[in-house]
Amino acid sequence: MIRCSAPGKVYLFGEHAVVYGEPAIACAIDKRVFTSVELKDDDSVRVTALNKRLYCDNQEFRYVCAAAKMIKELYNINFGADISIESELPSSQGLGSSAAVTVSTLMALSESLGIGLKDYEIAKLGHKVELYVQGTASQADTLVTSIGGMILITGVEMSKINFLNLPIIIGATGITRSTSDLVQKVAILKNRYPKLVGSIISCIGEVTRHGKSKLIEGDITGIGELMDINQGLLESLKISTLELNNLIYGARRAGAFGAKITGAGGGGSMYAIAQGANIDKVASQITLLGGQAIKAHFSDRGISVD
Ligand code: MEV
């Protein structure tokens, strides 16, 4: 049996603005999705996750099944397998769980079948799987989860920047939402007020550029300040919600350096950075306000064979 894992991620700065060519910074976190593969003599793929065991001929576990289908078709190999998934990430909460499950499955199949795909190849193939399942997908999610660390995304260009190991506290609202609907919502607002919304988007790009410098300097106070500015700008794009704002203000009140949405907004998750005793204070405040608090760290680790 082969077991592989891949990390979730947060957007430090720049989500939504990145859709319009502005830079964004995303980073892997130390919460992972684990995929185990046991090859079988038949040609069926069965997936066990969330206390269910299903064949890959229904509408569930679509990323895992699409990854197996892609490997079968691309490498012209017919195989049967029992695939089981365990996750430290809540799904559909803006933390990159679908990209992580996709790439950890691709890696586990590649290792089991002796294909030997490397992290960048897995990232590319993972993006194809996400496109197949979702219709549209950003390349950032599968790249960050494949190679780990902090990634600066500018249009189609992506490069690693100096990794800063910071603790973070995530607050998941439990509210699921569609990324493409939220991207569309911003597009509609931009159509209505092209100059105004265009300026907000440029400002977010400027926040990311400052954020990159602060990350390189390791200036946590500066990073927190810029997270708060980024959040204000995202709020003006109308993608924050009362539930997210409650968690964000709660985290700030509990001593966070800064707090903002991660990802598309409209639900999903926020994250905060804090240090020392304030980490537990922020986590307690998030729990008290009805969020799922997840204490994590930024992580330099991408996919791995465990
Ligand atoms: C969603 O995780 C991030 C967005 O910027 C959309 C995208 O980049 O594809 C909102």
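Tabulated values for the structure
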quantity	calculated
Single residue of VAL47, VAL33 found to be aliphatic (A, V, I, L, M), touching a strand residue (DSSP E or B) at 6+ places or on another chain (Cβ under 6 Å) and free of Cβ contacts under 8 Å to residues at least 40 places away in the same chain	VAL47
Residue within segment 88-103 that is of a type in the set (Val, Ile, Thr), over 18 Å from ALA137 (Cβ atoms) and either in contact with a Gly (Cβ under 9 Å, 6 or more places away or on another chain) or surrounded by 16 or more Cβ atoms within 10 Å (Cβ to Cβ) (or both) present	no
Counted residues, segment 49-64 - those being among the polar types (S, T, N, Q) and either in contact with a Ser or Thr (Cβ under 8 Å, 6 or more places away or on another chain) or closer than 17 Å to GLY126 by Cβ (or both)	0
Residue check for MET158: without any contact (Cβ under 8 Å) to a residue 40 or more places away in the chain and among the hydrophobic types (A, V, I, L, M, F, W, C)	yes
Set GLY250, GLY265: member being within 16 Å of the ligand (Cβ to nearest atom), small (Gly, Ala, Ser) and either assigned to a helix (DSSP H, G or I) or in contact (Cβ under 8 Å) with a residue 24 or more places away in the chain (or both)	GLY265
Near pairs, Cβ below 6 angstrom, 6+ apart or cross-chain, from segment 208-237 (within 15 Å of ILE168 (Cβ to Cβ) and touching a residue at least 12 places away in the same chain (Cβ under 8 Å)) to any residue that is among the polar types (S, T, N, Q) and in a helix (DSSP H, G or I)	none
Hey, LYS128 in contact (Cβ under 8 Å) with a residue 24 or more places away in the chain and of a type in the set (Lys, Arg) or not	yes
Output for segment 11-70, where each listed residue is under 27 Å from VAL183 (Cβ atoms), surrounded by fewer than 18 Cβ atoms within 10 Å (Cβ to Cβ) and among the acidic types (Asp, Glu)	GLU60
The listed residue being under 20 Å from ALA172 (Cβ atoms) and among the charged types (D, E, K, R), out of LYS31, LYS52	LYS31
Long-range neighbours under 7 Å by Cβ, at least six apart or interchain, first residue outside the structural domain of SER146 (by TED's automatic domain parsing) within segment 113-125, second loosely packed, with under 12 Cβ neighbours inside 10 Å and of a type outside the set (Lys, Arg)	none
Among (1) over 18 Å from SER36 (Cβ atoms); (2) more than 16 Å from the ligand (Cβ to nearest atom), the one test that THR136 misses	(2)
Hits in segment 238-247 - residues which are on the phi < 0 side of the Ramachandran plot and either without any contact (Cβ under 8 Å) to a residue 40 or more places away in the chain or in contact with a helix residue (DSSP H, G or I) (Cβ under 7 Å, 6 or more places away or on another chain) (or both)	ILE239, SER240, LEU242, ASN245, LEU247
Segment 26-46, subset touching a helix residue (DSSP H, G or I) at 6+ places or on another chain (Cβ under 6 Å) and under 22 Å from LEU234 (Cα atoms), residue farthest from the ligand (Cβ to nearest atom)	ALA28
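The values are calculated or read from the model by the stated rules, or taken from the named source; none is laboratory data. Bear in mind that the values here come from a model prediction, so they are computed numbers and not experimental data. Using ideal geometry, Cβ is built from the backbone for each residue, glycine included, and neighbour counts are taken over all protein chains shown.
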